[in-house]
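Bear in mind these aren't lab numbers, they're just calculated from the coordinates by the rules spelled out. All of these numbers come straight from a predicted model, not from anything done at the bench. Don't worry about glycine lacking a Cβ; one is built from the backbone with ideal geometry, like all the others, and counts go over all protein chains shown.
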Amino acid sequence: MAENAENRYRIRIRRGHNRKLRFWFAPVSEKIMNADADWIEEAELSCDNLATKQLFFPFIEKYYPGEFEWRNELNLMPFENVRAMTREVRKVVKLMRKNYADPRLLRYKRHFSIDLIVDSDEYEEKYVEAPDFVKEKAIEENREVICEFYLTLCNWLDKTMDKYEPMGFHAMAIFAPH
């Protein structure tokens with residue numbers, strides 16, 4: 001996502017640790033887990049909580065081994081699961097771009113919200129009291145914002161795993177506030 005576009009939407013991603021964006025992803029190793037090494041803050045990715053919970057959590061939930069814990073608890077997803085998740089997300093993006101009406105997208109689309117993908121002024125002006133069918137059409141017309149969010153997150157996850165796995169990192173820590 002382009003930096004200027006990122007600031008317009010509630011779907012925000014920043015490299016590094018950002019306290020305002022409270023859904024965090026970070027690679028972990030045994031040394032970090034044993035407190036023999038510090039977290040690598042520049043290796044973290046900070047995402048908007050609400051957008052990530054609504055748009056990306058269905059993928060996390062599917063691939064997370066066990067029950068995901070909220071309130072900034074440590075959730076570890078093995079790299080193998082993360083790779084499977086990013087492959088599926090990329091397939092969903094391809095399908096969204098090719099055939100947005102495909103019924104296989106329903107489980108993801110039910111979490112989409114127009115207030116996440118248009119700037120706040122446009123939302124207030126056009127959609128705050130609009131009927132659902134207008135909001136759904138606007139989401140479809142602006143779906144590329146969601147696609148870009150998905151791809152930005154997947155690209156970061158894949159690159160981070162490629163970089164840190166040879167150094168002994170084995171899982172992605174995922175923290176979420178609620």
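Tabulated values for the structure
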{"quantity": "Residue among 112, 149 that is assigned to a loop (DSSP other than H, G, I, E, B) and surrounded by 17 or more Cβ atoms within 10 Å (Cβ to Cβ)", "calculated": "112"}
{"quantity": "Meets criteria (hydrophobic (A, V, I, L, M, F, W, C) and in contact (Cβ under 8 Å) with a residue 60 or more places away in the chain) for residue 96", "calculated": "no"}
{"quantity": "Complete set of residues in the stretch 54-83 that are among the basic types (Lys, Arg) and in contact with a His (Cβ under 8 Å, 6 or more places away or on another chain)", "calculated": "71"}
{"quantity": "Qualifying residue in the stretch 126-146 (condition: under 14 Å from the mean Cα position of the chain (by Cα) and closer than 16 Å to residue 13 by Cα)", "calculated": "yes"}
{"quantity": "Selection from the stretch 115-146 of residues that are part of a loop (DSSP other than H, G, I, E, B), among the hydrophobic types (A, V, I, L, M, F, W, C) and closer than 21 Å to residue 56 by Cα", "calculated": "118"}
{"quantity": "Condition met for residue 72 (out of contact with any Ser or Thr (no Cβ under 8 Å at 6 or more places or on another chain), surrounded by 13 or more Cβ atoms within 10 Å (Cβ to Cβ) and of a type in the set (S, T, N, Q))", "calculated": "yes"}
{"quantity": "Flag if residue 67 is touching a residue at least 24 places away in the same chain (Cβ under 8 Å) and not basic (Lys, Arg)", "calculated": "no"}
